[in-house]
1. Which value, in debye to the nearest 20, describes the size of the charge dipole of the stretch 1-99 about its Cα centre when Lys and Arg Cβ atoms bear +1, Asp and Glu Cβ atoms bear -1, and nothing else is charged?
2. Cβ neighbours within 10 Å, averaged per peptide: list 30-40, 132-142, 14-24, 159-169 in order, most packed at the top.
3. Given the protein chains as shown and a 1.4 Å probe, how many square angstrom of residue 25 are accessible, to the nearest 10?
Amino acid sequence: MLVLIVIGLAVCVGFIAGGSLRPFDRLKVHWWGIALAGLALQGISLTGGIGREAGWAALVGSYGFLFAFAVVNRRLPALWLVMAGLVLNILVIGANGGMPVSASALETAGAGAEGLLGASTAKHHLMGPGDSLTPLGDVIGIPPPIGAVISIGDVLLYAGVAILVVTVMLGRSGENRRPPARIFQGYRGKHLPAGRLFSRLEARATAARAGPFPLPGARSE
């Protein structure tokens, strides 16, 4: 799998630059479960055992899960590249009901177009005149021994993953804090220290007892 090759090369670069794998022990990653779910759905879409429509739905859902994971962890280095790559891929897949693959890129990768036609899945199909946004499709062929065909979105995604690995190994990833929820703004108990929370509740209770015309010196918010 190409992403494993990218990660392996990034780890080598990190070691050459004087980094270590120890910073990964302190790396906070949120919602990692939906990333695993997204990868699992990707695997389902690559099989031919389900219908094309169901496979396409699984593929779109997988990119949705992966994008949500990237958004929640957007404070990590280079995650904006990952998000950009996911957006470009989902645009071309959504517009064409799957990822169109260039025949010339297949030849560069050492795979014949007939092979793709015989093993088309919900994710891939041979690029044709009816496809749109074709520059965003799988148009980049990587020759053997890797023998892969990727898109511009894949390039951005893999670049983001590689930069993230190297940056973390060098200890420059910073802190990946989750921001407070933007839904139900009135609740802040999870994000305020206990002392501040109870003092704020007490002040509001005092103001409520005082009525619309609080006594002089009474505090209210």
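The values are calculated or read from the model by the stated rules, or taken from the named source; none is laboratory data. Fair warning: this is a prediction, and the values are worked out from it, not measured in the lab. For neighbour counting, all protein chains shown are included, and Cβ atoms are generated from backbone atoms with ideal geometry for every residue, glycine included. Protein only, heavy atoms only, side chains kept; ligands, DNA and RNA dropped before computing areas. Shrake-Rupley method; radii C 1.70, N 1.55, O 1.52, S 1.80 Å.
1. Charge dipole of the stretch 1-99: 300 debye, to the nearest 20.
2. Top to bottom by mean Cβ count within 10 Å: 159-169, 132-142, 30-40, 14-24.
3. 140 Å²
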